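A short worksheet on the structure shown next.
The values are calculated or read from the model by the stated rules, or taken from the named source; none is laboratory data. Keep in mind that this is a model prediction, so the values were computed, not measured. Virtual Cβ from ideal backbone geometry, glycine too; neighbours counted across all protein chains shown.
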Amino acid sequence: AQKVTQAQTEISVVEKEDVTLDCVYETRDTTYYLFWYKQPPSGELVFLIRRNSFDEQNEISGRYSWNFQKSTSSFNFTITASQVVDSAVYFCALTDDYKLSFGAGTTVTVRA
Amino acid sequence: GAGVSQTPSNKVTEKGKYVELRCDPISGHTALYWYRQSLGQGPEFLIYFQGTGAADDSGLPNDRFFAVRPEGSVSTLKIQRTERGDSAVYLCASSLGRGGRETQYFGPGTRLLVL
């Protein structure tokens, strides 16, 4: 069985602060894929990144960066210099094929 | 191009009634998925279509739930004899093909409230 744990339920920061969201996963598969999605108040899940289990390179996209460490089964997400528009629920997800298993999500509130 | 669309955006019904939720995937996407999201939780898988056939319906909670995709594009999730516990956001997603290397793109969801 696959499992994703997002231990942080809520994080509140002041604008321009950095925020790191933790994601720990469990799987018996050697090939798997990890995702991060953003869910703003409008409700739609917005895709942010996909990473496969064979690619441990960290990635940076603008103010977003991801740290994938197979040794600790973690796929953490950092928002640098947060903005009010970053306020949303962020989900980490895992699949070995097509069925996504999601964590419970972390609610990020960025205060002006 | 257009993303995944879902109708209605909100649905209020009474216990025991029948409801249909519609999903229009991204054009050209052969794979379609339904998930259910309860308040404060992550989405949970319900069913996966590859083309017209339901390749995996293991996530459907019971036989009151059924989904179809007759022409391999639009899908309808059908719930019979609704119960209050069915209240949730029903999300539809589509992807170009099957597998984790294909990103699933989600629609805005249908918020179902069963009174």
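Observations on the model:
- Test for B:Ser94: is it more than 14 Å from every other protein chain (Cβ to nearest Cβ) and at pLDDT 95 or above: no
- Residue within segment B:51-65 that is touching a Ser or Thr at 6+ places or on another chain (Cβ under 7 Å) and in a strand (DSSP E or B) present: no
- Segment A:50-102 - residue that is at the interface with chain B (Cβ under 10 Å from one of its Cβ atoms) and farther than 15 Å from A:Asp29 by Cβ and, of those, modelled with the lowest pLDDT: A:Arg50
- Only listed residue being among the hydroxyl-bearing types (Ser, Thr, Tyr) and surrounded by fewer than 14 Cβ atoms within 10 Å (Cβ to Cβ), chosen from B:Tyr48, B:Tyr18: B:Tyr18
- Out of B:Val19, B:Val4, one residue alone is farther than 15 Å from B:Pro108 by Cβ and among the aliphatic types (A, V, I, L, M). It is B:Val19.
- Number of positions in segment A:27-41 that are surrounded by 13 or more Cβ atoms within 10 Å (Cβ to Cβ) and either within 12 Å of A:Phe75 (Cβ to Cβ) or without any contact (Cβ under 8 Å) to a residue 24 or more places away in the chain (or both): 6
Conditions tested, residue by residue: (1) touching a residue at least 12 places away in the same chain (Cβ under 8 Å); (2) within 14 Å of chain A (Cβ to nearest Cβ); (3) closer than 21 Å to A:Asp97 by Cα; (4) not hydroxyl-bearing (Ser, Thr, Tyr).
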| residue | (1), (2), (3), (4) |
| --- | --- |
| B:Phe49 | yes, yes, yes, yes |
| B:Asp57 | no, yes, yes, yes |
| B:Asp63 | no, no, no, yes |
| B:Val74 | yes, no, no, yes |
| B:Ile79 | yes, no, no, yes |
| B:Arg84 | yes, no, no, yes |
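- Residue that is free of Cβ contacts under 8 Å to residues at least 12 places away in the same chain and outside any strand (DSSP E or B), where the choices are B:Gly28, B:Gly42: B:Gly42
- Candidates B:Gln6, B:Gln104, B:Gln37: the one that is surrounded by 13 or more Cβ atoms within 10 Å (Cβ to Cβ), touching a Cys at 6+ places or on another chain (Cβ under 6 Å), within 13 Å of chain A (Cβ to nearest Cβ) and polar (S, T, N, Q) is B:Gln6.
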